[in-house]
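The values are calculated or read from the model by the stated rules, or taken from the named source; none is laboratory data. Just so you know, these numbers come straight off a predicted model, no measurement behind them. Here the Cβ positions follow ideal geometry from the backbone for every residue, glycine too, while neighbour counts run over all protein chains shown. With ligands, DNA and RNA removed, areas are computed over all heavy atoms of the protein, side chains included. Shrake-Rupley method; radii C 1.70, N 1.55, O 1.52, S 1.80 Å.
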Amino acid sequence: MNRLGRMWDSDIAWSFRHSPVAVVAAAMALIIILAAVFAPWIAPYNPFDPSSLNLMDGFTPPGEPNAFTGNTYLMGTDNQGRDIFSTILYGARISLFVGFAAVIFAMVLGIGLGLLAGWRGGWVDSLLMRVADVQLSFPSILIALLIFGVARGFIPPSMREEVAIWVLIVSIGLSDWVQYARVVRGAAMVEKSKEYVQAARVIGVHPARIVLRHILPNVMGPVLVIATIGLALAIIAEATLSFLGVGVPPTQPSLGTLIRIGQQYLFSGEWWILLFPSIALLLLALSVNLLGDWLRDALNPRLR
Amino acid sequence: MLAYILRRIAQSVLVMLVVALVSFALFRFVGDPISSMVGQEATIADRDALREQLGLNDPFLSQFATFVMRAAQGNFGISYRLQEPVMELILSRLPATLELAMVSGVLAFVFGVGFGVYTALRRNGWLSNTIMTVSLVGVSLPTFLIGVLLIWVFAVELQWLPSFGRGNVVMVGDWPTGLLTPSGRASLVLPAITLGLYQMTLIMRLVRAEMLEVLRADYIKFARARGLSNRAVNFGHALKNTMVPVITITGLQLGSIIAFAIITETVFQWPGVGALFINSVRFVDVPVMAAYLMMIALVFVIINLIVDLLYYVVDPRLRVDRAATRH
């Protein structure tokens, strides 16, 4: 049987096919991710190209022709005449980029430190786990906000705009590495004492190779669950910081920035500037969350 | 016992020192304090004299010690942006934040326990299913979005409640409170719901899970067999036994409520400490940032310390374990 066939017959795939919630959530997440990745080809307008914008098109309600230009927009336009649908596609791109990058950063850092703590033990282990304990007692969004604020202080003002997105990724990543480190450390300590690892050590396999080839694959299941739920958390954290006006710069609006802009027009009746980005963020966070929940149950042998 | 308490306190002091080091580093390495203090025409000799006078040439450790001593007395200097002593700024805004946090904490606890008990007892009722589904959406919705949507519905469309500010406040001693005026109470409703909703779903899910667990226990079957009324079994036996973990989690959540107040205060332009902090991050107002950093760390360290010590008092197994490992 080929590899694809084996995947189709695996336990995970079976549980996926028999969970309607997981299928719908996966489909929704996939659609949003694809739409974001291919935004430049899908979006009817480029919202960051000033030459294509017409101020007369500003505040066009969704689905109605504009009073001056007669143009119709699916989700309406904002104050500068930008198509809301296009800004959402480009915004989701930035939200997803920050989310994925932060998760990968947290994952690499967490796995690395977790393996180090679990494999080496001793004072390295106690030091890292103390730090982890302390960090876990604070909510991660507060940690991200504090790291971001402190880092901004150290960066010279002229560079703040351009490096903001990277500082944001590092702040969110640093606020979430503990989850990975704890799980990986626990699993590494269990695997370390097993006979196959001792056998590998006896025949002189390099420790780095044992850790990477034998121990790491055994901890990837739970890590994947944490990463999926972590993605939803990272997207929400990014949106929150951008909404508070301390996240991505206004030249690269993410979904959080769009919601912040939309809130300003709520009282003057232009509800569509707020509503559609909010729905996009909610669908994205909800679908990734549901996928994470399903994956956690599917990989948990006690629930089978 | 004493050794455990001492070790736990030493650990808390260490955490505070690390946070103080970060705050101090902010002061030390962000910008040059001298150039923000003197005018353009100051000579290099003047600057060096001032530098010497302020102690900026002292060794790192003695500067840090001075910083910690002053921080312990609540002296964080003057805000770069507002030109007022930082401690006064924070103290004048603290009542607004604490009032908001307290009201949402109580709301979250009362409704969380109520809904949790209801959904556990009527496991398959339509109302329980609705509450559980809504709570799932509530967990996925970011706090700021809940706030914005509440403003849209209740302030813009229905025009029932104000969307920003604290309303009128009256002084009770030194404490400005909005709880005693109609506009103050009306202003509190939306922010309190926004801030408390996430904690409420958390408490609700916890109470429900614990209740379901306890209701399956033998002593509940026994109580029913003895012919006790449903009411006595559900509330006298089951609920009582679920409350220990619930109270612990709620206590730990107190810190989170203060942290999430940053977001709620920004959405509703609530004149509290969180909004002050966000503005200080935006404008890189180092003294305010440093003071907030130390304050929030202190709140968390104290809450965690109290919870850990209470655990030790409440749960005898912890003491037995320790005694067993010692011998």
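Does A:LEU241 count as within 11 Å of chain B (Cβ to nearest Cβ) and under 17 Å from the mean Cα position of the chain (by Cα)? Full working, then the answer.
Details: within 11 Å of chain B (Cβ to nearest Cβ): yes; under 17 Å from the mean Cα position of the chain (by Cα): yes.
Against the criterion (within 11 Å of chain B (Cβ to nearest Cβ) and under 17 Å from the mean Cα position of the chain (by Cα)), A:LEU241 qualifies.
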query: Could you list, in sequence order, the residues of the range A:133-154 that are facing chain B (nearest Cβ under 9 Å) and either in contact (Cβ under 8 Å) with a residue 40 or more places away in the chain or not in a helix (DSSP H, G or I) (or both)?
result: A:SER137, A:PHE138, A:PRO139, A:ILE141, A:LEU145, A:PHE148, A:GLY149, A:ARG152
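Okay, residues lined up against (1) open to solvent by less than 80 Å² (accessible area, probe 1.4 Å); (2) part of a loop (DSSP other than H, G, I, E, B); (3) more than 14 Å from every other protein chain (Cβ to nearest Cβ); (4) β-branched (Val, Ile, Thr):
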position	(1), (2), (3), (4)
A:MET159	no, no, no, no
A:GLU162	no, no, yes, no
A:SER171	yes, no, no, no
A:ALA199	yes, no, yes, no
- request: Within the range B:267-280, track down each residue that is crowded, with 24+ Cβ neighbours inside 10 Å and at the interface with chain A (Cβ under 10 Å from one of its Cβ atoms).
  value: B:VAL267, B:GLY274, B:PHE277, B:SER280
- request: Exactly one condition in (1) assigned to a helix (DSSP H, G or I); (2) modelled with pLDDT under 80; (3) open to solvent by less than 60 Å² (accessible area, probe 1.4 Å) is not met by B:VAL284; state its number.
  value: (1)
- prompt: Can you spot a residue in the range A:274-286 that is more than 19 Å from the chain's Cα centre (by Cα), surrounded by fewer than 24 Cβ atoms within 10 Å (Cβ to Cβ) and not polar (S, T, N, Q)?
  reply: yes
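Quick one: which of B:LEU202, B:LEU206, B:LEU188 is within 14 Å of another protein chain (Cβ to nearest Cβ) and either open to solvent by 40 Å² or more (accessible area, probe 1.4 Å) or out of contact with any Pro (no Cβ under 6 Å at 6 or more places or on another chain) (or both)?
Working: B:LEU206 fails: within 14 Å of another protein chain (Cβ to nearest Cβ); B:LEU188 fails: within 14 Å of another protein chain (Cβ to nearest Cβ).
Being within 14 Å of another protein chain (Cβ to nearest Cβ) and either open to solvent by 40 Å² or more (accessible area, probe 1.4 Å) or out of contact with any Pro (no Cβ under 6 Å at 6 or more places or on another chain) (or both) holds for just one of B:LEU202, B:LEU206, B:LEU188, which is B:LEU202.
Within the range B:153-185, can you find the residues that are assigned to a helix (DSSP H, G or I), of a type in the set (Gly, Ala, Ser) and within 14 Å of another protein chain (Cβ to nearest Cβ)? Steps first, answer last, please.
Start the filter on the range B:153-185 by keeping residues that are assigned to a helix (DSSP H, G or I), which leaves B:153-157, B:182-185.
When the remaining residues are screened for being of a type in the set (Gly, Ala, Ser), the result is B:155, B:183-184.
The one that is assigned to a helix (DSSP H, G or I), of a type in the set (Gly, Ala, Ser) and within 14 Å of another protein chain (Cβ to nearest Cβ): B:ALA155.
Restricting the range A:1-23 to residues that are open to solvent by 50 Å² or more (accessible area, probe 1.4 Å) and either in contact (Cβ under 8 Å) with a residue 60 or more places away in the chain or not in a helix (DSSP H, G or I) (or both), which is nearest to A:MET75 (Cα to Cα)?
First, the residues of the range A:1-23 that are open to solvent by 50 Å² or more (accessible area, probe 1.4 Å): A:1-4, A:6-9, A:11-12, A:14, A:16-18, A:20-21, A:23.
From what is left, the residues that are either in contact (Cβ under 8 Å) with a residue 60 or more places away in the chain or not in a helix (DSSP H, G or I) (or both) are A:1-2, A:11-12, A:16, A:18, A:21.
Details: A:MET1: 48, A:ASN2: 45, A:ASP11: 42, A:ILE12: 38, A:PHE16: 34, A:HIS18: 35, A:VAL21: 28 Å.
Residue satisfying both the conditions and the ranking: A:VAL21.
Conditions tested, residue by residue: (1) more than 10 Å from chain B (Cβ to nearest Cβ); (2) under 23 Å from the mean Cα position of the chain (by Cα).
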position	(1), (2)
A:ARG213	yes, no
A:PRO222	yes, yes
A:ILE226	yes, yes
A:VAL246	no, yes
A:THR251	yes, yes
A:SER254	yes, yes
A:ILE259	no, yes
A:GLY269	no, no
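Does the range A:100-118 contain at least one residue that is within 12 Å of another protein chain (Cβ to nearest Cβ) and either in a helix (DSSP H, G or I) or surrounded by 23 or more Cβ atoms within 10 Å (Cβ to Cβ) (or both)? Show your work before the answer.
Step one: filter the range A:100-118 for residues within 12 Å of another protein chain (Cβ to nearest Cβ), giving none.
No; the residues of the range A:100-118 include none that is within 12 Å of another protein chain (Cβ to nearest Cβ) and either in a helix (DSSP H, G or I) or surrounded by 23 or more Cβ atoms within 10 Å (Cβ to Cβ) (or both).
How many residues does the range A:143-188 hold that are over 25 Å from A:ASP125 (Cβ atoms) and touching a Pro at 6+ places or on another chain (Cβ under 9 Å)?
Quick first cut of the range A:143-188, residues over 25 Å from A:ASP125 (Cβ atoms) only: A:144-146, A:148-169, A:171-172.
Subset that is touching a Pro at 6+ places or on another chain (Cβ under 9 Å): A:160-162, A:164-165.
The qualifying residues number 5.
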query: Which ones in the range A:201-226 are open to solvent by 60 Å² or more (accessible area, probe 1.4 Å), modelled with pLDDT of 85 or more and under 29 Å from A:PRO139 (Cβ atoms)?
result: A:LEU224
